[in-house]
Amino acid sequence: MADRVARLKYSHSDPLFRFSGLRPVSVSNRESIEVLLRGEVDVSFVPVTYASRNREELVVIPEFAIYSDGPVLSARLFRGSGSGYAAVSDTSVNAMALRKLMGIEFDFVDDPVAALGRYGGVLVIGDEALRLVDADTPYIVDVGELWKLRVGHPLVYAVMVARRNVDPAFIERVVRALNESLDRFRGSPGELAREVARRINVSERLMLEYYSAMRYQVDGRVMAGIEEELRIFGLPQLQAY
């Protein structure tokens, strides 16, 4: 039986969970908020946009987030051969960032590879984006890189949140387990990089580069970045645990 914890299904979450001993439910970005609101889990990582829009039901656990402080690789606007712009249907934060910084609007698609033949640019995230990077697919912009250049703060993709009134002891156990997983990952990052590279069919070199770009532990600078991000997005600020 799974613990009452959800992780995002993308490989950016593996360092947090692979060695944690937890048994999380693996969910998409959109599903992450749904399982919380339905009461199926008590703790989850959810896109910062969803956390903001549901802030009355949730509190942010400020120890962890999923973010980058420069190029991210797994969120790029890839160059297509058609016209207009599309984005994969599971993106929220990255699409909002490009709307605000580039002034573009997106059609949403489920097959980004096919969409490259119909649109001039396709925003792809997660493991599918990493496979396109590994194949040297031309791109227009890396979302994390653009955000750093224009805004100067880290771009936070997902925050760790809990339902209100969850037992603090449970939250503490989850936080401790994630710290232990990150410590083991950092002691031997190649072990996980090789495992994930085989699973999603990309090079180990790319996974090592990717994991060197991803950030997880939160400090005051990251919290300030979240505040600025939500201000730019025009969304309410979060409420911390």
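Pairs of alpha-carbon atoms within less than 8 angstrom and 6+ residues apart define the contacts here; what relative contact order does region 59-122 have, in percent?
46
Residue by residue through region 32-40, which ³J(HN,Hα) values in whole Hz follow from phi under the Karplus form 6.51 cos²θ - 1.76 cosθ + 1.60 (θ = phi - 60°), with glycine and proline marked x?
Coupling constants for region 32-40: 4, 7, 5, 5, 5, 5, 7, x, 7 Hz.
Listed highest first by mean packing, meaning other Cβ atoms within 10 Å per residue, what order do 145-154, 59-68, 216-225, 164-173 come in?
Averaged packing, sorted descending, gives the order 59-68, 145-154, 216-225, 164-173.
Find the Cα radius of gyration of region 157-241, compare it with 2.2 N^0.38 Å by division, and give the number to two decimals.
1.37
Note down the relative contact order for the chain as a percent, whole number, built from C-alpha pairs under 8 angstrom at least six residues apart.
30
For region 1-129, count the residues as N, evaluate 2.2 N^0.38 Å, and divide the Cα radius of gyration by that value, please.
The value comes to 1.13.
Tally up the carbon and sulfur contribution to the accessible surface of the chain as a whole percent, 1.4 Å probe, everything protein left in place.
The value for the chain is 46 percent carbon and sulfur by accessible area.
Whole percent per 10 Å bin, from 0 to the bin with the longest distance: what is P(r) over all C-alpha pairs of the chain?
That works out to 8, 33, 38, 19, 3, 0, in percent per bin.
Counting only heavy atoms of protein chains, what accessible area per residue, in Å², does the chain have with a probe of 1.4 Å?
43
Can you tell me what share of the DSSP beta bridges in region 75-151 is antiparallel? A percent to the nearest 5 is fine.
Given both bridge residues lie in region 75-151, the antiparallel proportion sits at roughly 55 percent.
Would you please give the residues with an amide H less than 5 Å from that of Ala6, counting only those at least 5 places away or on a separate chain, with H modeled from the backbone geometry?
Distant-sequence amide H within range of Ala6: Val25, Val43, Ser44, Phe45.
Which values, in whole Å and largest first, are the semi-axes of the equivalent ellipsoid of region 75-151 obtained as the square root of 5 times each eigenvalue of the Cα gyration tensor?
After scaling each eigenvalue by five and taking roots: 17, 14, 11 Å.
Spelling out what I want: for every residue of region 140-155, take phi, set θ = phi - 60°, compute 6.51 cos²θ - 1.76 cosθ + 1.60 (Karplus), and round to whole Hz; glycine and proline get x.
8, 7, 8, 5, x, 5, 4, 4, 4, 5, 8, 9, x, 10, x, 9
Can you order the peptides 199-211, 41-53 by their average number of other Cβ atoms within 10 Å per residue, highest first?
My ranking of the peptides, most packed first, is 41-53, 199-211.
To check you understand DSSP bridge types, tell me what percent of the beta bridges within the chain (both residues inside) are antiparallel, rounded to 5.
65
The values are calculated or read from the model by the stated rules, or taken from the named source; none is laboratory data. What you see is a predicted model, and the numbers here were worked out from it, not measured in a lab. Positions of Cβ are backbone-derived with ideal geometry, glycine not excepted, and every protein chain shown enters the neighbour counts. Surface areas here come from the heavy atoms of the whole protein model, side chains and all, with no ligands, DNA or RNA. Shrake-Rupley method; radii C 1.70, N 1.55, O 1.52, S 1.80 Å.
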